[in-house]
Amino acid sequence: MLSRRWRVISLGILLAFIGAVLPVAGMAWMSRQIATAKELDELDTFARRALLRATTTFQDAKKVLDAIEVSGFESCSLQHIEQMRALTMSISSIEEIGFFDGGMLKCTSWGEIAQQIHKQPGDYVTKDGMDVTMRLRPIASRGSEVTALYQGKHNALVLPSRFTDIVANDISVALYADGDKLLSSLNGPDLPFANLHLATAGRGMGEEYLFVTAKQEDMTAVVTRSRSGLRSKITDELAVFLPVGTFIALFIVGVVIWLSRKRLSPHAELEIAVRNKEFIVYYQPIVELETGICIGAEVLVRWKRPDGSLVRPDLFIPLAEETGLIKPITDQVVAAVVADLNVILAKDRTLHIAINLCAEDVETGRAVEVIDECLKATGIRKEQIWLEATERGFVNVEAARVTLKQARDMGHSVAIDDFGTGYSSLQYLQGLPLDALKIDKSFIDTIGRNTATSTVILHIIQMAKSLGLFLVAEGVESQLQADYLTEHGVDFGQGWLFSKPLPADEFIAYHRNSKTTSGEAPEIIQVAR
Ligand code: C2E
Ligand code: CA
Ligand code: CA
């Protein structure tokens, strides 16, 4: 299983990667979208311009034809021809005006017609009634192809280029009328491509071109531009957006690194462990030295990591105390004791459980209240819970005195833990409300050795006795030590000689065995106060 550390690191790398790539890719994408949208907007403007140009041309022709129809001059008279010419000259998009009679062209703005020219059939009829013939090669003037607009007896000839007469360098226009009839084009559009996009108004991008299709009345303009120009426009946008993307990417990567480092810190790991309730407890039996009977146990907390490994308390208790996380840990320890041993503690009143208090708990008395609260709905008596406090908790002696007194008043027994390792002075010992003294393992280790400190243990024993405290020897590893301690009147012992710290079920079994093998149960330990 991947350890939490590696999970955080790999997640950090993944997020940093995403955080770096996404904003840059996002900005690149945005540059492209914006450049394309701008380009298409431009094409749209050209499409509208072309449609306006075409419509205006039709309207001009209509106006001219309306005017000539009602002039009332004699057909092909000098005045009639003169007026047709004047109108042709006045409207730039009109090349020529013609007069028909009986389906034959009789005269134009340039004069009478000698040839027999028939009226050509129309390709379609405009909304306002003009008959339109496209791609007509005027025989009269022999000019280039024109579009003829007929109304009544007259027609007006328009050069197709007049319909799309707009200024546009690299833009192509295909202008259609009456659906799909190509009326005019500008700058040689790709007609097969334009035909594909003729049906519906819209905009988009093909493989080679950007296009906009716009419609007005019966006309459609398909405006296209090669995609090659888009690249430089995207580059222009990138120049603006890429630095923003890079900045965002750097910011995100920075935040990810900062968060990962925070999550990887021992403090954060411990915090997560508290939240996930990763703390379990072991019970180390405490035995009556004379009889070997197990009279209780000390609760020792273990941090069980998600990978199953156990972390020793010395490695995390100091940090937990420093960061205040010891409080929820103590709560979890107390809850575990109740859950594990409620039944056996209610059944056997001679059984005791010692709980370690941290310095802050001794100073504030908070743990005592927590324990009190936890025991309420259980069958456990307060007398069955011993509290162990180290000298570190006695820095503020007055506060400690209040807490210890409160604990004893409730019924708990209170022991001073690791006695002799700190700056223990008889002075404060005398003044504190205590029941027991735990002799530190370092003194037990000196038993049987002729060292200078080996006599200290005798002084400790004596002092405890004169203060009326009962004694628990910690870290008893050999029979020699146990015998020595029994001989010198030490009441209880705890150590590997008897048992290592055990999980709850193994401790319960150990306790049961110790009672059956040792005969009678010991009396309830109640220290005289
Ligand atoms: P401690 O209160 O002095 O606990 C006794 C330590 O000595 C335990 O270590 C125990 O496993 C170890 N020990 C017992 N018998 C022997 C022995 O014969 N030989 C050897 N070599 N060691 C023995 P552990 O469990 O690692 O606990 C270390 C310390 O962590 C404890 O020292 C206590 O100060 C603290 N601690 C443990 N549980 C808690 C807790 O629930 N709350 C608080 N505040 N502190 C705790
Ligand atoms: Ca202890
Ligand atoms: Ca100790």
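Which semi-axis lengths, in whole Å and largest first, follow from the square roots of five times the eigenvalues of the Cα gyration tensor of the stretch 1-263?
Working: eigenvalues 805, 44, 33 Å².
Each semi-axis is the square root of five times an eigenvalue, giving 63, 15, 13 Å.
Measuring from a point 7 Å past the Cα of Asp41 along Cα-to-C-beta, which residues in the stretch 202-239 have an amide N at less than 14 Å?
Only 237 pass the distance filter.
Aspartates and glutamates within cross-link reach of Lys181: Cα-Cα under 12 Å, excluding same-chain residues under 8 positions apart?
Leaving aside aspartates and glutamates fewer than 8 places away in the same chain, those within reach of Lys181 are Asp123, Asp218.
Run the numbers on the stretch 283-398 and let me know its relative contact order in percent, using alpha-carbon pairs under 8 Å that are six or more apart.
Details: 142 pairs, mean separation 29.0, N = 116.
Computed over the stretch 283-398, the figure is 25 percent.
So which aspartates and glutamates pass the test for Lys63, namely a Cα distance under 15 Å, with those fewer than 8 places away in the same chain ruled out?
Those aspartates and glutamates meeting the cut-off are Glu95, Glu96, Asp128, Asp131.
Please give, to one decimal in nm, the separation of the simple spin-label points placed at Arg261 and Phe17, each 7 Å out from Cα toward the Cβ.
Going by the 7 Å Cα→Cβ label model, 2.2 nm.
By the 4.7 Å beta carbon criterion, which cysteine residues of the chain come out unpaired?
That list is Cys294, Cys358, Cys374.
What ranking, highest mean first, results for peptides 240-248, 363-371, 279-287, 336-344 when packing means the other Cβ atoms within 10 Å averaged over each residue?
The densest-packed peptide leads the list: 279-287, 363-371, 336-344, 240-248.
Give me the percent of the accessible area of the chain that comes from carbon and sulfur atoms, probe 1.4 Å, all protein chains in place.
Details: 14860 of 26210 Å².
Of the solvent-accessible surface of the chain, carbon and sulfur hold 57 percent.
In debye to the nearest 20, how big a dipole does the stretch 1-116 give about its Cα centre with +1 on each Lys and Arg Cβ and -1 on each Asp and Glu Cβ?
Working: 12 positive and 13 negative charges, 339 e Å.
So the magnitude is around 1640 debye.
Determine, at each q value in 0.14 (inverse angstroms), the log₁₀ of I(q)/I(0) that the Debye formula gives when each Cα of the stretch 397-468 is one equal point scatterer.
Log10 of I(q)/I(0), two decimals: -0.48.
Below 10 angstrom from the Cβ of Arg366, what's the summed charge of the other residues (Lys, Arg +1; Asp, Glu -1)? Walk me through the intermediate numbers first.
On the way: positive: Lys327; negative: Asp331, Glu360, Asp361, Glu363, Glu369.
Local charge sum for Arg366: -4.
Name the shape class, rounded, prolate or oblate, that the alpha-carbon gyration tensor gives for the stretch 389-510, where a ≥ b ≥ c are the square roots of its eigenvalues, rounded holds for a/c under 1.5, and otherwise prolate holds if a/b is larger than b/c and oblate otherwise. List each step's numbers first, then the result.
Values: a/c = 2.04, a/b = 1.24, b/c = 1.64.
It comes out oblate by the Cα gyration axes.
Once both axes come from the Cα atoms, what is the angle between helix 266-275 and the longest principal axis of the chain, in degrees from 0 to 90, rounded to 10?
Value to nearest ten degrees: 90.
For the stretch 81-208, how big is Rg over Rh, using alpha carbon atoms and the Kirkwood form of Rh?
Numbers: Rg = 16.8 Å, Rh = 16.2 Å.
Rounded to two decimals, Rg over Rh is 1.04.
Label the stretch 266-518 by shape, choosing from rounded, prolate and oblate, from the square roots a ≥ b ≥ c of the eigenvalues of the Cα gyration tensor; if a/c is under 1.5 it is rounded, and otherwise prolate applies when a/b is larger than b/c, oblate when it is not.
On the way: a/c = 1.40, a/b = 1.21, b/c = 1.16.
Verdict is rounded for the stretch 266-518.
Per-residue accessible area for Asp41 at 1.4 Å probe radius, Å² rounded to 10?
Roll a 1.4 Å probe over it and Asp41 shows about 80 Å².
Can you pull the Rg over Rh of the chain, Cα-only, Kirkwood?
On the way: Rg = 51.7 Å, Rh = 32.6 Å.
Over the Cα atoms of the chain, Rg/Rh equals 1.59.
Cβ neighbours within 10 Å, averaged per peptide: list 268-277, 346-355 in order, most packed at the top.
Descending packing order for the listed peptides: 346-355, 268-277.
Based on the mean of other Cβ atoms within 10 Å per residue, sort peptides 190-201, 297-308 so the most packed one is first. Provide the component values of the computation, followed by the final result.
On the way: 190-201: 15.2, 297-308: 18.1.
Peptide ranking by packing, descending: 297-308, 190-201.
Which whole-number percent is the relative contact order of the stretch 195-315 (Cα, under 8 Å, 6+ apart)? Provide the component values of the computation, followed by the final result.
Values: 111 pairs, mean separation 13.6, N = 121.
Rounded, it is 11 percent for the stretch 195-315.
State whether the stretch 87-156 is rounded, prolate or oblate according to the following rule on the C-alpha gyration tensor (a ≥ b ≥ c being the square roots of its eigenvalues): a/c under 1.5 gives rounded; otherwise a/b larger than b/c gives prolate, and the remaining case gives oblate. Before the final figure, lay out the partial values.
Details: a/c = 1.39, a/b = 1.16, b/c = 1.20.
Because its axes are fairly even, with a/c under 1.5, the stretch 87-156 counts as rounded.
Once the piece of chain linking Ala346 and Lys106 is laid out straight, how much longer is it, given 0.36 nm per residue of separation minus the C-alpha distance between them?
Details: separation 240, 0.36 × 240 = 86.40 nm, distance 12.86 nm.
Taking 0.36 nm per residue and subtracting the Cα distance, the gain is 73.5 nm.
Cα-Cα pairs above 21 Å in the stretch 221-319: how many percent? Working shown, then result.
Numbers: 3214 of 4851 pairs.
Percent of Cα pairs beyond 21 Å in the stretch 221-319: 66.
For Lys327, which lysines qualify as cross-link partners when the Cα separation must be under 25 Å and same-chain residues fewer than eight apart are set aside?
Filter leaves Lys262, Lys277, Lys304, Lys376, Lys382, Lys405, Lys438.
Using Cα-Cα distances under 8 Å and only pairs 6 or more residues apart, what relative contact order does the stretch 266-518 have, in percent? Before the final figure, lay out the partial values.
Details: 435 pairs, mean separation 53.8, N = 253.
Reported as a whole number, the value is 21 percent.
Quick check on the chain: helices-only [θ] at 222 nm, where DSSP H runs of length 4 and up contribute -39,500 (n - 2.57) each and the sum goes over total residues. Nearest 500, please. Mind showing how you got there, number by number?
Values: 15 runs with 240 residues, N = 529.
After summing the helix terms and dividing by the residues of the chain, the value is -15000 deg cm²/dmol.
Over the chain, with the other protein chains present, what is the accessible area per residue in square angstrom, probe 1.4 angstrom? Please list the in-between numbers first.
On the way: 26210 Å² over 529 residues.
For the chain, the per-residue accessible area is 50 Å².
Fully extended, how many nm does the chain gain between Asn396 and Trp6 (0.36 nm per residue separation, minus their Cα-Cα distance)?
Details: separation 390, 0.36 × 390 = 140.40 nm, distance 4.23 nm.
Result: 136.2 nm gained on full extension.
Could you tell me which chymotrypsin sites (Phe, Trp or Tyr not before Pro) in the stretch 106-185 are loop residues by DSSP with no more than 12 other beta carbons within 10 angstrom of their beta carbon? Display every interim value, and only then the final one.
On the way: sites: Trp110, Tyr124, Tyr150, Phe163, Tyr176; in loops: Trp110.
Qualifying residues, ordered by number: none.
If you average the alpha carbon positions of the stretch 351-378 and of the stretch 428-477, how far apart do those two centres end up, in angstrom?
First find each Cα centre; the distance between them is then 24 Å.
The values are calculated or read from the model by the stated rules, or taken from the named source; none is laboratory data. All values derive from a computational prediction rather than experimental measurement. Virtual Cβ from ideal backbone geometry, glycine too; neighbours counted across all protein chains shown. Areas reflect the complete protein model, heavy atoms only, side chains present, ligands, DNA and RNA absent. Shrake-Rupley method; radii C 1.70, N 1.55, O 1.52, S 1.80 Å.
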